Amino acid sequence: MSSKQLLRFDLFSKTVEDSKIKTTSGGLITISCIVSVLLLLLNEFREYSKVVTLPELVIDRDSSSTMELHFDISFPNLPCDLITLDIMDISGDLQTDIMKSGFVQMRLDKEGEVLGKEQLTMNLDLDELSRTQDPNVCGSCYGALSQEDNDNKPVEERVCCNTCEAVRQAYAHTAWAFYDGANIEQCENEGYVARINERLNEGCRVIGNAEINRIAGNLHFSPGASLTQPDKHVHDLSLYDKHRDLFNFDHIINHFSFGGDLVSQAPLDGKTTHVGNKYHLFSYFVKVIGTRSESLDGRVVESNQYSSTYHDRPLKGGRDDDHPNTIHARGGIPGLFFHFDISPLKIINREQYAKTWSSFLLGACSAAGGVLTIGAVLDRTIWTADRIIRSKKDL
């Protein structure tokens with residue numbers, strides 16, 4: 001191809017040097033274009049350097065795993081010795097009285113100040129609490145458990161209640177009212193009865209972690225030892241009912257999260273209720289969704305997010321005082337319930353740069369070209385207008 005043929009494809013026609021005219025307006029426009037291009041290039045670089053998080057919704061394939069529940073809840077009008085914590089799920093798994101599984105309990109006075117702190121140890125099962133290795137010691141279960149023919153049984157098979165806790169659980173197993181353990185020798189000797197009655201006007205703050213299955217279920221705080229049978233789950237309310245002018249489940253949720261929330265404050269943190277009704281049921285319906293965060297440095301964090309809905313009602317049922325058209329159900333047990341449902345979906349948050357290198361180059365070229373094109377049009381317009389004005393003046 002000859003040089004003459006290449007001239008046809010030259011889109012960048014050259015202006016003869018002698019015919020170029022420099023003007024003041026052209027200089028100002030040039031400076032403005034340079035400043036504008038630099039600002040736009042700087043903005044493009046900031047966009048290129050910016051890290052954004054893009055969410056993606058996928059099916060949760062970790063539904064068979066467990067997750068941790070972290071909570072810190074205060075009960076201003078309920079002593080620690082009266083609170084029982086149980087966890088149930090729809091698979092049939094049940095964790096009862098887990099307050100004695102490493103939880104921290106802080107005794108509170110009426111002003112909310114800490115009176116004492118207790119680290120509860122793992123609770124033994126009923127058989128372990130009822131047996132003894134000492135053949136000369138076998139405490140009475142007061143008829144709650146059969147102790148017939150104990151003398152003819154090996155030591156490891158004898159049924160004995162040597163501690164107050166053993167008697168308490170034996171009563172719960174038989175669904176008997178335990179009250180404060182008065183007149184039970186083991187409880188009197190251990191100081192349990194005196195301790196319970198001294199702390200009736202105290203509050204309690206419970207802090208701990210629990211492991212739950214990733215399926216629907218509930219966690220509830222209720223008074224007294226629990227009893228579970230195939231068709232029901234009940235609590236011993238004898239001590240709770242004994243003092244008509246004491247106790248209620250008003251509460252403050254200091255913290256409540258599932259498996260390492262990414263946010264510093266979870267949705268229920270700081271939730272406070274002051275109903276003042278002894279026989280009242282507080283319920284939170286929590287929807288949990290798994291969340292995974294993938295950072296640019298390859299770090300992966302598994303966590304959970306949740307939303308919640310709150311409802312409370314008196315156990316006596318009947319019409320709502322504030323909304324007469326609403327009729328509450330009757331029955332139940334006083335307590336604080338968290339009903340949790342696990343979403344089958346999962347959110348994946350991936351960090352990435354807002355723009356790729358090619359996008360940055362394209363944006364930079366577009367910015368520079370656009371500014372220079374507008375500057376050329378503006379310069380040509382001003383130059384033409386100036387010439388027209390000058391020609392009219394000459395006339």
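The values are calculated or read from the model by the stated rules, or taken from the named source; none is laboratory data. None of the values given here were measured: they were computed from a predicted structure. Cβ atoms come from the backbone with ideal geometry, glycine included; neighbour counts cover every protein chain shown.
Within the range 270-289, restricting attention to residues that are surrounded by 19 or more Cβ atoms within 10 Å (Cβ to Cβ) and among the β-branched types (Val, Ile, Thr), the residue that is nearest to Gly318 (Cα to Cα) is Val286.
Looking across Asp269, Asp231, one residue alone is closer than 30 Å to Lys346 by Cα and free of Cβ contacts under 8 Å to residues at least 24 places away in the same chain. It is Asp269. Only residues that are polar (S, T, N, Q), farther than 12 Å from Val137 by Cβ and free of Cβ contacts under 8 Å to residues at least 40 places away in the same chain were counted in the range 157-175, giving 1.
For the residues Tyr171, Tyr240, the requirement of being in a helix (DSSP H, G or I) and touching a Pro at 6+ places or on another chain (Cβ under 6 Å) singles out Tyr240. Residue count for the range 177-223 satisfying the condition of being without any contact (Cβ under 8 Å) to a residue 40 or more places away in the chain and either crowded, with 17+ Cβ neighbours inside 10 Å or in a loop (DSSP other than H, G, I, E, B) (or both): 7. For the range 336-344, the condition of being under 28 Å from Ile73 (Cα atoms), modelled with pLDDT of 85 or more and part of a loop (DSSP other than H, G, I, E, B) holds for none of the residues.
Just one of (1) exposed (fewer than 15 other Cβ atoms within 10 Å of the Cβ); (2) among the charged types (D, E, K, R); (3) in contact with a Phe, Trp or Tyr (Cβ under 9 Å, 6 or more places away or on another chain) fails for Lys355. It is (1). The residue that is nearest to Val193 (Cα to Cα), counting only those in the range 82-95 that are more than 21 Å from the chain's Cα centre (by Cα) and buried (at least 19 other Cβ atoms within 10 Å of the Cβ), is Leu82.
Determine whether the range 255-264 contains at least one residue that is assigned to a strand (DSSP E or B), surrounded by fewer than 21 Cβ atoms within 10 Å (Cβ to Cβ) and either at pLDDT below 95 or hydroxyl-bearing (Ser, Thr, Tyr) (or both). Scanning the range 255-264, I find at least one residue that is assigned to a strand (DSSP E or B), surrounded by fewer than 21 Cβ atoms within 10 Å (Cβ to Cβ) and either at pLDDT below 95 or hydroxyl-bearing (Ser, Thr, Tyr) (or both), so the answer is yes. Comparison of Asn349, Asn325 shows that the only residue that is in a loop (DSSP other than H, G, I, E, B), in the same structural domain as Lys271 (by TED's automatic domain parsing) and not acidic (Asp, Glu) is Asn325.
Of all residue pairs spaced 6 or more apart or on separate chains, those with beta-carbon atoms under 6 Å, a first member in the range 56-72 that is assigned to a strand (DSSP E or B) and modelled with pLDDT of 85 or more and a second member that is surrounded by fewer than 14 Cβ atoms within 10 Å (Cβ to Cβ) and not acidic (Asp, Glu) are Leu57/Leu345; Glu68/Asn209; His70/Asn209. Residues in the range 187-214 that are in the same structural domain as Met67 (by TED's automatic domain parsing) and aromatic (Phe, Trp, Tyr): 0 in all. Inspect all residues belonging to the range 51-70 and state whether any of them is of a type in the set (Lys, Arg) and within 18 Å of Gly259 (Cβ to Cβ). So far as the range 51-70 goes, yes, one or more of its residues are of a type in the set (Lys, Arg) and within 18 Å of Gly259 (Cβ to Cβ).
Number of residues in the range 103-149 that are at pLDDT below 70 and of a type in the set (Gly, Ala, Ser): the value is 1. Condition test on Leu296, is it surrounded by fewer than 12 Cβ atoms within 10 Å (Cβ to Cβ), in contact (Cβ under 8 Å) with a residue 40 or more places away in the chain and assigned to a loop (DSSP other than H, G, I, E, B)? So Leu296 passes the test.
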